[in-house]
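The values are calculated or read from the model by the stated rules, or taken from the named source; none is laboratory data. Owing to the predicted nature of the structure, the values given are computational and were not obtained by experimental measurement. With ideal geometry, Cβ positions are generated from the backbone for all residues, glycine too; neighbour counts draw on all protein chains shown.
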Amino acid sequence: MKKLYMIFCLNFIEKYRGRFKIYFELVYSMYTMEMEMFKMTIKESFELNKFIIFIMALTCTVTVANLYYCQPLLGQIAKSFNVTEANAGFVVTLTQVGYALGMLFLVPLGDIKERKKLIIEMLLLVSVFLFAAFISRNYYVLLVTSFLIGFTTIVPQLIVPFAAHLSKPEERGQVIGNVLSGLLIGILLSRVFSGIIGDILGWRNVYLIASLLMVSFLFIIVFLFPKSKPTSKISYKKLIFSMWGLIKREKVLREASINGALMFGSFSIFWTALVFLLESKVYNMGSKEAGFFGLVGIVGALAAPVVGKVADKKTPRFAVGFAIIFSTIAYVCFWGMGYKIYGLVIGVILLDLGNQTGQVSNQARVQAISDQERSRINTVFMVSYFIGGSIGSFVAAVFWQKFGWSGVCAIGMFFQIIAVIFHYFIYGTKFSIRNKYGQVR
């Protein structure tokens, strides 16, 4: 079996090495040129303004989209490789598992390395892996490239602590809210984009366009992003192991991480299963229609800056409570009215509003913990967040296959009930404490 696998890998490399060579040469030449520009355009002092916040949000939009292009395309992918819908769901699961591991092992580097250069390097790598997905002709090759796409799509999680570091303490919640609004818009529009392009040009071309987008944003970042000084001077090994100390020491971080995992788990359950529902006999729709539901969820993304202001003026934990309520009501709508378009629309608005409110508020809480450990704090929170998302994507495909839409709604509601129990009963209000700036966490 091992010998057959080696023969398969060698044949794959031999068959596509010409395409890879051309692509690598093009991307590497751009990278080399941009590194020279990088050296010439570095500035030691920098003032964060609205335009740079917008560019940061836009970068989050186009990069985080890499994680979600596949969701409306699962039906096409299943047919293309002649696999079941449950097996096609592993494309989503492995992408998010890769993302979680990338955050665990790569995002902490933002505390000890120059962030701008690190962001550029990650964009270079993910562009190559997206191109590999475009030319893949085997289901298992696609699974591997999906994992690698997730592993290197960590740019948004480098930008969030970067923005928090550059912002004033009294404006941090609003700045994070603006940046995260770009992230959620990317999550939602990625489904619209991939649904339309997939319907017209096929699922492979979605990955090709995404790869070219990553290369394009290298130029934007080189010219506009500021240089950042590393906030810590420790070895990589100590950097990784120090996160366990953060988990043990910071109660607020533990609470926010558990809440984030449960909230994003229920969010991923719905969006993974939605395409299967719309392609079923109930609706007889396709990937394009599934993608258009992302437009509905933009209402939640637009609320992010408002949520950030509430978190700055009142308490982030107060906003998290509302987020849980919004998402729980969303699943009531899905369960009771999921076979009606208006039921799905109402539920999508509430679910995306709840997810965005929860993420912005939890990020405002954890980013106020420490100035020197922001990347590691963000890693702990977001790894938990996407572990929840990976589990949600996996169980969504399994429960759809075995129990249909009712099963999907049941498991999503289960995640929400656990979130309610943790927020209101296990943790209560005992961890709403003030940081050194006087802000309530």
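Out of Ser232, Ser181, which single residue is modelled with pLDDT under 90, out of contact with any Ser or Thr (no Cβ under 7 Å at 6 or more places or on another chain) and surrounded by fewer than 24 Cβ atoms within 10 Å (Cβ to Cβ)?
Ser232
Can you tell me which of (1) surrounded by fewer than 23 Cβ atoms within 10 Å (Cβ to Cβ); (2) under 30 Å from Ala368 (Cα atoms); (3) of a type in the set (A, V, I, L, M, F, W, C) is the one Ile196 doesn't meet?
Result: Ile196 fails condition (2) only.
For Ile149, are the conditions met, namely being part of a helix (DSSP H, G or I), β-branched (Val, Ile, Thr), under 26 Å from Gly110 (Cβ atoms) and modelled with pLDDT under 90?
no
Which of the residues spanning the range 245-284 are buried (at least 17 other Cβ atoms within 10 Å of the Cβ), of a type in the set (A, V, I, L, M, F, W, C) and farther than 18 Å from Arg365 by Cα?
Correct list: Phe267, Ile269, Phe270, Trp271, Ala273, Leu274, Val275, Phe276, Leu277, Leu278.
Each row is one residue, and each column tells you yes or no for (1) over 12 Å from Gly150 (Cβ atoms); (2) of a type in the set (D, E, K, R).
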position	(1), (2)
Gly102	no, no
Val107	yes, no
Lys117	yes, yes
Ile120	yes, no
Leu123	yes, no
Phe129	no, no
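So which residues in the range 109-135 are at pLDDT 90 or above and touching a Ser or Thr at 6+ places or on another chain (Cβ under 6 Å)?
Correct list: Met122, Leu125, Val126, Ser127, Phe129, Leu130, Phe131, Ala132, Ala133.
Step by step: first the residues of the range 168-184, then only those that are farther than 10 Å from Gln356 by Cα and hydrophobic (A, V, I, L, M, F, W, C), then the one that is nearest to the chain's Cα centre (by Cα). Which residue is that?
In this case the residue turns out to be Val179.
Do you know which of the residues in the range 356-413 that are part of a helix (DSSP H, G or I) and among the charged types (D, E, K, R) is surrounded by the most Cβ atoms within 10 Å (Cβ to Cβ)?
Arg365
Given the options Ser327, Ser242, name the one that is surrounded by fewer than 20 Cβ atoms within 10 Å (Cβ to Cβ), touching a helix residue (DSSP H, G or I) at 6+ places or on another chain (Cβ under 8 Å) and either at pLDDT 85 or above or polar (S, T, N, Q) (or both).
Ser242
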